[in-house]
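The values are calculated or read from the model by the stated rules, or taken from the named source; none is laboratory data. Source: prediction; values computed, not measured. Ideal geometry is used to build each Cβ from the backbone, glycine not excepted, and the neighbour counts take in all protein chains shown.
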Amino acid sequence: MDRCIVLVDAGYLLGAAASLLAGEPSRSRITVDHAALIQGLRERAESDTQRPLLRIYWFDGAPDRVPQPEHRRLRVMPRVTVRLGALTRSDGRWAQKGVDAAMHAELTELARNRACSDIVLVTGDGDLLPGMMAAKEHGVAVHLWAVQAADGDYNQSEDLVAEADERRVLDRVWITGAVRAKETGGVCAPSPAPRPEIAAILSAPLPDSGLTAAPERPADDTEHPQDAPAGHDTQERVPAPKGVPTPKDLAALRGPGSQPAPHPPNATLRWSSDKGWVDRPVSEPQDAASMPTLAQLTTAEQRWADREEDITTVGGDPFEVGQVFARRWMGRLGDQSHLQKLSGMYPRVPHRVDGELLRYAARFGLLAHKDDQIDEHDRYAIRAGFWREIDVRTAAEHSPAGE
């Protein structure tokens, strides 16, 4: 078949790009425009091979093979297929398992079935050498692409380079069309401004106090400070102001004589779920306790359709996830008075709805990060997306007809 196929080892492509642009192979040091990257790969492959593209295969690792947000965005793009291997942690470092084997199997199968005339490999791993040789024996032309090495040397197996029919280097100019290095958080560098919706949640003040409140960490976050490591200075320190105080931050604040400072009278931290220092009844208010969950409002047919939408169209951006959840919840409410009650609780999401929202977000890999900790910024964004959708709906219902 006179068409080309591209097989991408994402670990190699993005790791080498990070080395080139940020000085180290950590993918957390770069920001990737996946749509631009895929389009660039397609255009370059069609130009180099003089064949139309059949498909791009994107091979990557993921914890427990659960697609991460970037994988979800990629797999809904036209002509893109995502294949995931495992991502395991050993001695504090992450390693891909099964990615090379999957690439080898796909390469040999495509060649054996004569699915294409040209295959582009974006990889540096010498383990693919047998697959490359088998593809050539089946009459397929193999193009090997490298990412420009940061030190100017090879970052590919020499045997792989020697065996390829055609070779190409993706240089810095090409890479920066879709990838850029993240700015380092130097002392003089200003922190990026949060999205307006997130800033609104973070700006709810404590009555009669100078502290700024924020959404609270969900139930799986601990509120107890960890023991100080041995050998560290045990002198009590006041945390540097971060603008997002947690219960641990507030507990560390000291008054005269190193005694804990008293809480402001009737102080209320406006968390967006039920834990934290809040001046409220022991039981949840009746309005919040009676708020129906999305699961209670969803039929079996709707649940099937929701899952289909999650797989095929929802990219997994935290803000987007909050919007999708809120849109479904509002669309299925029979009693619209619940919506008005919820709007009056801003920025606090009732416990049952908030927990369900975060469990929904967990499907998209948003809550599992490389250090095995919860990313609180994602939680802010999830809830901000939820509130933005609520605001849009309530504003539309209160606007005069014809506006």
Item checked: Subset of the stretch 97-127 (residues that are buried (at least 19 other Cβ atoms within 10 Å of the Cβ), assigned to a strand (DSSP E or B) and touching a Leu at 6+ places or on another chain (Cβ under 8 Å)) -> Ile119, Val120, Leu121, Val122
Check: Quick one: is Arg51 out of contact with any helix residue (DSSP H, G or I) (no Cβ under 7 Å at 6 or more places or on another chain), modelled with pLDDT of 95 or more, within 22 Å of Gly315 (Cα to Cα) and not hydrophobic (A, V, I, L, M, F, W, C)?
Finding: no
Item checked: Given (1) modelled with pLDDT under 85; (2) surrounded by fewer than 16 Cβ atoms within 10 Å (Cβ to Cβ); (3) in the same structural domain as Ala295 (by TED's automatic domain parsing), number of the condition Gly331 does not satisfy -> (1)
Item checked: Identity of the residue in the stretch 70-84, of a type outside the set (D, E, K, R) and under 13 Å from Leu37 (Cβ atoms), that ends up modelled with the highest pLDDT -> Val80
Item checked: Conditions (1) at pLDDT below 95; (2) of a type outside the set (Ser, Thr, Tyr); (3) within 34 Å of the chain's Cα centre (by Cα); number of the one not met by Arg114 -> (3)
Next item on the list: Consider Val120 carefully, then state whether it is in contact (Cβ under 8 Å) with a residue 60 or more places away in the chain, among the hydrophobic types (A, V, I, L, M, F, W, C) and in the same structural domain as Gly23 (by TED's automatic domain parsing).
Entry: yes
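Under the condition of being in contact with a Gly (Cβ under 6 Å, 6 or more places away or on another chain) and assigned to a loop (DSSP other than H, G, I, E, B), which residue from the stretch 60-96 is surrounded by the most Cβ atoms within 10 Å (Cβ to Cβ)?
My answer is Gln68.
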Next item on the list: Could you tell me whether any residue of the stretch 5-18 is surrounded by 15 or more Cβ atoms within 10 Å (Cβ to Cβ) and out of contact with any helix residue (DSSP H, G or I) (no Cβ under 9 Å at 6 or more places or on another chain)?
Entry: yes
